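To keep things clear, I will list the structure first and then write my remarks on it.
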């Protein structure tokens, strides 16, 4: 894959929305991937982008599909001994995520349901995201979409483009600590998790950065 383009002016949401719309051909549906480290702002970007695309072109609405819906259940993580590093690459159903992306390109004549993640219960929720037949841009968002191992390699083959969302490490750490505190961890435990578990995941994700189509 070629090196990412440098986007001095593409952090404007309208420019990004128009770039995404330009990926469409008549009657098509496209997958647009957004990858990035924990705390980079991927979810905010994906939601805002889906909303703006739908405002600009309501006849070709966009939908946000988070990888977080494919977290393995807590009971499964307990059984596998991985609960203490939830969020690592092997705590997701990557094969299920890739299979859903392929379904979304093939099945455009009926609604396809996808899972989402509910932080208040710390579990995935089946069928929470409805991809309607009218949806023409699916914004798939998650940490590992550019990682060079199976099944994640397949995302680059399925997606029209995969962008990498960049944020400074200091800003990401502040966001992560705040997130973990808001969801029940003590400040000390939140910092430890952000530095160790999230930090290890970020190092893996950062190595995939050069495989992106665009840096945002």
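Nothing in this text is a laboratory measurement; each read-out follows from the coordinates by a stated rule. Remember, it's a predicted structure, so these values are computed and weren't measured experimentally. So basically every Cβ, Gly included, is an ideal-geometry build from the backbone, and we count neighbours across all protein chains shown.
Each DSSP beta bridge with both residues in the chain is either parallel or antiparallel, and the antiparallel ones are about 30%.
Give the relative contact order (percent, whole number) for the range 1-158; include only Cα pairs under 8 Å separated by 6+ residues.
It rounds to 32 percent for the range 1-158.
The convex hull drawn around the Cα atoms of the range 100-216, when projected onto a plane and averaged over every direction, covers 8.3 nm². Expressed in Å, the radius of gyration and Dmax of the Cα atoms of the chain are 16.8, 53.
For the options 106, 40, 88, a Gaussian network treatment of the chain with springs between C-alpha atoms closer than 10 Å singles out 106 as fluctuating the most.
With each label modelled as a point 7 angstrom along the Cα→C-beta vector, the residue 80-residue 24 pair spans 3.6 nm.
GNM remark for the chain: springs join alpha carbons under 10 Å apart, and the peak mean-square fluctuation among 100, 80, 32 falls on 80. Separation of the range 157-216 from the range 13-91 is 14 Å, based on Cα centroids. For the range 126-179, what class follows from the C-alpha gyration tensor (a ≥ b ≥ c being the square roots of its eigenvalues): rounded when a/c is under 1.5, otherwise prolate if a/b is larger than b/c, else oblate? Because a/c hits 1.5 or more and a/b fails to exceed b/c, the range 126-179 counts as oblate. A crude spin-label estimate for the pair residue 47 and residue 95, with each label 7 Å from Cα along the Cβ direction, gives 3.2 nm.
Taken along the Cα-to-beta-carbon direction at a fixed 7 Å, the label points for residue 12 and residue 168 span 2.4 nm. Given R0 = 25 Å, the distance between the Cβ atoms of residue 149 and residue 119 translates into a calculated FRET efficiency of 0.40. Remark: the Cα gyration tensor places the range 52-165 in the prolate category, a/c being 1.5 or greater and a/b exceeding b/c.
Calculated mean residue ellipticity, 222 nm, the chain: -11500 deg cm²/dmol, from DSSP H runs (n ≥ 4) at -39500 (n - 2.57) each, averaged per residue and rounded to 500. When the Gaussian network model of the chain links Cα atoms closer than 10 Å, the mean-square fluctuations of 68, 93, 14 top out at 14.
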